[in-house]
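The values are calculated or read from the model by the stated rules, or taken from the named source; none is laboratory data. No experiment lies behind these values; they were computed from the predicted model shown. Cβ sites come from the backbone with ideal geometry, for glycine too, and all protein chains shown count toward neighbours.
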Protein chains: 2
Amino acid sequence: MNVPIQVDYGVRALVDLAENSHKGDVQTADIAKRQQIPRQFLAQVLHNLNKFGITSSKRGPNGGHRLAIKPSNITMGYVMRTLGNNKHTVCCLENSSKCYQAPKCSQKHVWRKVEIAVNKILDSTTIEDLINN
Amino acid sequence: MNVPIQVDYGVRALVDLAENSHKGDVQTADIAKRQQIPRQFLAQVLHNLNKFGITSSKRGPNGGHRLAIKPSNITMGYVMRTLGNNKHTVCCLENSSKCYQAPKCSQKHVWRKVEIAVNKILDSTTIEDLINN
DNA sequence: TGTATTTATGAGTGATTTACTCATAAATTA
DNA sequence: TAATTTATGAGTAAATCACTCATAAATACA
C-alpha cells in the first residue's frame with residue numbers, strides 16, 4: 001500500500017487541529033512547526049482538506065484552520081481517499097495493465113478482497129481514535 | 001498498496017507453469033506469449049523466482065522453467081515478498097519519514113494493523129487457489 | 001567440436017510519480 | 001494602506017518503475 005506522505009501529514013494535521021481547536025483558528029505555520037512538516041507543503045495539504053470539507057479556513061491576520069467535522073466523524077479512510085489522489089487503496093495495476101479488464105484475471109478478486117479488508121480498518125478508525133491512542 | 005507489475009507477472013507466470021508443467025520445462029518465450037508479458041522482463045522475474053527457490057530452471061535447448069514447490073504451497077504473500085523489493089506491504093513512510101521511529105506516531109499501529117490484515121489474506125491464498133478460481 | 005538454443009546478469013533508459021519549493025494572487029484585519 | 005494569512009498554479013530534483021540492451025554462461029545435439 002502506498003501511503004502518500006500527504007496522508008500522513010493530513011492525519012497529523014487533523015490530530016493537531018483537534019487538540020488545539022479550543023484556542024480558535026490554528027495557523028499553518030504553527031502546525032508545521034509542531035508536527036515538523038514543511039510549511040508550504042502543509043498549506044497545500046490543508047487546502048485539500050478544506051476543499052473536501054474536512055476543515056475550513058479563514059485568511060488574514062489571526063486567520064487559520066479549524067475542523068469542519070468532529071474528530072469522531074473523520075475516518076482515516078476518508079482522509080486517505082481525499083488526499084490519496086483518488087487511487088484505489090490497492091492499486092492492482094489500475095493504470096496501465098489489463099488486470100481489471102481481463103475476464104480471467106484470477107488475481108483480481110484477491111486484491112479486491114485485500115482492498116475491502118484495508119478499507120474496513122481505515123473506515124473504522126477515526127481521528128478521535130488516534131488521539132485516544 | 002503498491003502491487004508491482006513484477007508481482008502480477010510473477011503470479012501469472014507461476015499459474016502458467018502450474019498449468020503447463022506436465023509437458024516438461026516451460027520456456028520464458030512461451031509464457032511471455034501466452035501471458036502477454038514482455039519477454040526480457042519476464043526472464044528477470046523468473047530469475048528472481050528461481051533465486052528464491054520458487055522455481056528452478058535449466059539452460060540450453062529444451063531448457064526452461066518449472067515449479068520447485070507445488071502450487072498449493074506457494075502463497076501470494078511469499079511471491080509478494082520475493083518480488084516486491086523487500087518493502088513492507090504497507091509502506092507507511094518507511095523510507096524517509098520518522099513514522100516508525102517516532103515514539104508518539106499514533107498512525108503507526110493502524111498501518112501495522114492494515115499490514116497484518118493484508119498479509120493474512122495474501123498468506124492464505126495460494127497459486128492453486130488462483131487456478132481453482 | 002561446433003553451433004544453436006536457452007537462461008543469467010548487470011547496466012542503462014525514458015516516463016512517471018513523489019515530495020516538495022517558488023511566486024503571486026486574494027482575502028482579512030487593524 | 002500595510003501587514004498577515006490562506007489560495008493556487010507552475011516548476012523541479014530525486015526516486016522509482018517498467019522496461020530494453022548487451023553479453024556471458026550453460027546445455028543439447030549434429
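Summary table
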read-out: B:ILE31, sole failed condition from (1) more than 13 Å from DNA strand C (Cβ to nearest atom); (2) away from chain A (no Cβ under 11 Å); (3) crowded, with 20+ Cβ neighbours inside 10 Å; value: (1)
read-out: Selected residue (criterion: farthest from DNA strand C (Cβ to nearest atom)) from residues of the range B:34-64 that are in contact with a helix residue (DSSP H, G or I) (Cβ under 8 Å, 6 or more places away or on another chain) and of a type in the set (Lys, Arg); value: B:ARG34
read-out: Pair list, Cβ < 7 Å and 6+ apart or interchain, from the range B:24-44 residues that are over 16 Å from B:ARG59 (Cβ atoms) and touching a residue at least 40 places away in the same chain (Cβ under 8 Å) to residues that are more than 10 Å from DNA strand D (Cβ to nearest atom) and among the basic types (Lys, Arg); value: none
read-out: Qualifying residue in the range B:20-33 (condition: away from DNA strand D (no atom under 13 Å from the Cβ) and under 17 Å from the mean Cα position of the chain (by Cα)); value: yes
read-out: Qualifying residue in the range A:2-23 (condition: surrounded by fewer than 20 Cβ atoms within 10 Å (Cβ to Cβ), away from every other protein chain (no Cβ under 14 Å) and not in a helix (DSSP H, G or I)); value: no
read-out: The range B:1-33, residues that are out of contact with any helix residue (DSSP H, G or I) (no Cβ under 8 Å at 6 or more places or on another chain) and closer than 29 Å to A:ASN2 by Cα; value: B:ASN2, B:ILE5, B:ASP8
read-out: Residue among B:LEU17, B:LEU49, B:LEU83, B:LEU42 that alone is within 13 Å of the chain's Cα centre (by Cα), more than 9 Å from DNA strand D (Cβ to nearest atom) and at pLDDT 95 or above; value: B:LEU49
